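**Student:** Pasting a structure here, questions to come.
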Amino acid sequence: MVGRPQQRSRDTRAKILAAARTAFAEDGFETTSAEAVAQRAGVSKATVFAHFGDKTGLLIAAKIDGLDTILADMRARAEAVGRHTPGKALAGVFLPLLTLYREDPEFARLFLVQSTLKDGPWTRQFLEVCAELEEVATLACTRAADAGALPGHPDPSLAAQGLLAFFYHAIVGHSIGTLADATAQESFFTALVERWAGASA
């Protein structure tokens, strides 16, 4: 059973996260201050820092807390992959996450940096997300292989590594400006995966 102080702390944390998501969406990460988030949440700036450390920690927490819904959508898409247009279906599994990173390039950069570190304040959470992405990619490739759609990739876990490599490439491409908009990024990613899946058939 959660005591009143713990429940109050959880409620405050949730209120700060809700205010941060709204502020980041309306004003962007760079122009949003911790003080602005505190004002929206009706708490002091010190309370924001006590819960999240700094503005970067707040951004990460706001995005990671929302990843469960996206990962559930991706898992459902992975379950539905079959022999019909396997390349397009495999690419479609990752489009929701590409959208998230495209809409928030600062979070994309943090994800790329944090997921390569051995230790850091948010490294464990990012590594857990990476592990879940690998599970989703393996599930999608397993479903495609079970349907006979990836004969050139007999091991779904190895095929998943290729799929993830294309995904990370698309994130980096957008981050450095070579895939500037949604159409460019999604078309590039889908074309890579379709060509790869088609070559394996």
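The values are calculated or read from the model by the stated rules, or taken from the named source; none is laboratory data. Everything numeric here is computed off the predicted structure, so don't read it as measured data. All Cβ positions, glycine included, derive from the backbone under ideal geometry; neighbour counts span all protein chains shown. Areas reflect the complete protein model, heavy atoms only, side chains present, ligands, DNA and RNA absent. Shrake-Rupley method; radii C 1.70, N 1.55, O 1.52, S 1.80 Å.
**Student:** Is it the case that A36 is open to solvent by less than 30 Å² (accessible area, probe 1.4 Å) and in contact (Cβ under 8 Å) with a residue 12 or more places away in the chain?
**Tutor:** no
**Student:** A further question follows. Could you run through region 148-191 and say how many residues are open to solvent by less than 40 Å² (accessible area, probe 1.4 Å) and assigned to a loop (DSSP other than H, G, I, E, B)?
**Tutor:** Count: 4.
**Student:** Now for a separate question. Can you list residue pairs whose Cβ atoms sit under 9 Å apart, with the first residue in region 92-110 being of a type in the set (S, T, N, Q) and the second being buried (at least 18 other Cβ atoms within 10 Å of the Cβ)? Count only pairs 6 or more apart in sequence or on different chains.
**Tutor:** Close Cβ pairs satisfying both conditions: T99/E186.
**Student:** For K45, only one of the following conditions fails: (1) buried (at least 17 other Cβ atoms within 10 Å of the Cβ); (2) over 18 Å from V93 (Cα atoms). What is its number?
**Tutor:** (1)
**Student:** Hey, another quick one. So which of A145, A91 ends up being open to solvent by less than 30 Å² (accessible area, probe 1.4 Å) and at negative phi?
**Tutor:** Every option except A91 fails the conditions.
**Student:** Can you find, within region 68-87, the residue that is nearest to F107 (Cα to Cα) among those that are touching a helix residue (DSSP H, G or I) at 6+ places or on another chain (Cβ under 6 Å) and open to solvent by 20 Å² or more (accessible area, probe 1.4 Å)?
**Tutor:** If we take residues in region 68-87 being touching a helix residue (DSSP H, G or I) at 6+ places or on another chain (Cβ under 6 Å) and open to solvent by 20 Å² or more (accessible area, probe 1.4 Å), then I70 is nearest to F107 (Cα to Cα).
**Student:** Considering D119, D104, D65, which residue is open to solvent by 10 Å² or more (accessible area, probe 1.4 Å) and under 23 Å from T12 (Cβ atoms)?
**Tutor:** Within the list D119, D104, D65, the selection yields D65.
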